[in-house]
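Have a look at the structure below before the remarks.
Bear in mind that the values in this text are calculations on the coordinates, not laboratory data. Just so it is clear, the model here is predicted, and its values are computed rather than measured. Here Cβ is always computed from backbone atoms with ideal geometry, including for glycine, and neighbour counts include all displayed protein chains.
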Amino acid sequence: MFPFRYERGRDVADVVAAAARDRSAEFLAGGTDMLQLLKDDVCRPGRIIDVTRLPDLDRIEYGGQGLRFGALVKMSDAADHPEVRLNYPVIAEALLASASPQIRNMATIGGNLLQRTRCVYFRDHGTACNKREPGSGCAALHGENRLHAVLGGSDHCIATHASDLAVALVALDAVVVTARAGGGRRIPLEEFHLLPGDTPERETVLEPAELIVAVEVPPLAFASRSHYLKVRDRASFEFALVSAAVAADIEDGVIRAVRIALGGVGTKPWRAREAERVLTGQPANPASFERAAAQALAGARPAERNGFKIPLAQRILVRALSHLKA
Ligand SMILES: Cc1cc2nc3c(=O)[nH]c(=O)nc-3n(C[C@H](O)[C@H](O)[C@H](O)COP(=O)(O)OP(=O)(O)OC[C@H]3O[C@@H](n4cnc5c(N)ncnc54)[C@H](O)[C@@H]3O)c2cc1C
């Protein structure tokens with residue numbers, strides 16, 4: 001273990017200012033990922049700023065402006081919220097398919113979007129990982145890559161993004177609201193996570209000392225007809241092999257509008273806009289769903305051991321869309 005300072009902030013302005021004064025600072029929310037990274041010596045902050053007691057960031061609001069989660073809302077509270085379950089089932093389902101009840105009781109919405117990849121090489125200090133140690137190489141490229149990404153990878157990194165919630169939120173055009181010393185920002189979630197390219201250590205557009213204060217989901221009437229389907233190696237307490245978040249406006253058997261995002265296959269939560277385009281205006285039937293699924297994975301580049309994810313993701317997407325039709 002290594003020495004670090006631990007402190008609690010009084011309010012948002014206080015923690016953002018404290019973090020801006022110390023480049024080695026990291027925020028701590030539920031701690032379900034952060035503590036593991038500290039113990040594994042993957043993350044070595046000089047200062048840990050506990051944000052869990054900040055006022056007013058634990059609220060869920062729903063109304064004409066859509067849905068707003070404070071960054072400190074617990075995953076379990078979001079999943080149980082009646083308006084979330086009724087109006088955005090894809091969010092509740094993605095949350096309930098995540099981790100375990102104990103972890104969901106601790107973990108927060110903000111922390112979930114910023115959890116680090118589960119790539120074993122990233123979390124193992126004894127191996128090469130460009131994300132953990134830029135320039136050291138990527139052991140996954142020719143190693144144990146069964147769980148790795150088939151979309152959005154580069155010659156430097158093929159680690160998948162692990163969050164289920166982010167997949168549902170990116171399908172719904174969610175926006176991340178931040179606070180920072182020079183003033184906060186509103187960042188569309190689709191632009192929030194970065195592709196690895198040749199800088200896999202940079203995972204989001206967040207600047208140092210920038211705090212997520214909320215995540216907003218715009219109103220979308222047909223989000224009440226939405227679904228999250230996840231396939232994993234065991235039935236609970238496991239990350240996605242592949243997953244699909246879908247929502248559709250279907251009238252007289254025709255798809256008027258549709259939202260599709262994939263998890264477990266991308267280096268970031270993967271919005272499948274081309275597949276949405278292929279499906280819009282088409283009859284809601286298996287043939288249309290299969291065409292959209294083929295389009296969604298058209299750019300996939302498998303590594304040695306994860307080629308199975310391509311047909312699996314296509315089948316899961318067809319099944320998720322078929323669920324909406326029923
Ligand atoms: C055994 C296990 C199984 C899991 N299974 C799944 C799963 O199936 N699906 C899934 O999606 N997740 C899964 N998870 C991951 C879990 O959901 C995350 O660990 C959790 O959501 C992180 O939230 P937290 O509040 O604990 O974040 P922390 O661990 O406190 O923080 C995580 C990161 O976010 C930063 N951070 C936190 N809050 C903010 C903020 N407001 N602004 C800026 N930075 C912030 C921290 O600095 C840190 O870098 C699993 C975890 C475990 C341990």
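Residues in the range 207-252 that are among the aliphatic types (A, V, I, L, M), touching a residue at least 60 places away in the same chain (Cβ under 8 Å) and away from the ligand (no atom under 16 Å from the Cβ) were compared, and the one that is nearest to residue 57 (Cα to Cα) is 217. Within the range 1-92, considering only helices (runs of 4 or more DSSP H) that don't extend past its boundaries, which have at least 1 residues that are more than 24 Å from residue 259 (Cβ to Cβ)? Of the helices (runs of 4 or more DSSP H) lying wholly inside the range 1-92, those with at least 1 residues that are more than 24 Å from residue 259 (Cβ to Cβ) span 12-21, 34-39, 75-80.
For the range 112-127, the set of residues classified as within 24 Å of residue 98 (Cα to Cα) and either more than 16 Å from the ligand (Cβ to nearest atom) or in a loop (DSSP other than H, G, I, E, B) (or both) consists of 114, 115, 116, 117, 118, 119, 120, 121, 122, 123, 124, listed by residue number. Whenever a residue of the range 186-200 is on the phi > 0 side of the Ramachandran plot, its partners that are not acidic (Asp, Glu), lying with C-beta atoms within less than 8 angstrom and at least six residues away or across chains, give the pairs 197/154; 197/156.
Inside the range 89-100, residues that are in contact with a strand residue (DSSP E or B) (Cβ under 6 Å, 6 or more places away or on another chain) and within 16 Å of the ligand (Cβ to nearest atom) make up a count of 4.
For the range 23-44, a tally of residues being surrounded by 16 or more Cβ atoms within 10 Å (Cβ to Cβ) and either on the phi > 0 side of the Ramachandran plot or more than 8 Å from the ligand (Cβ to nearest atom) (or both) returns 4.
Within the range 289-313, being more than 19 Å from residue 143 (Cα to Cα) and acidic (Asp, Glu) holds for one residue alone: 290. Name the single residue, out of those in the range 128-164 being under 26 Å from residue 100 (Cβ atoms) and in contact with a helix residue (DSSP H, G or I) (Cβ under 8 Å, 6 or more places away or on another chain), that is surrounded by the most Cβ atoms within 10 Å (Cβ to Cβ). Ranking the candidates gives 164 first. Among the residues of the range 257-267, is there at least one that is more than 26 Å from the chain's Cα centre (by Cα) and not β-branched (Val, Ile, Thr)? Scanning the range 257-267 turns up no residue that is more than 26 Å from the chain's Cα centre (by Cα) and not β-branched (Val, Ile, Thr).
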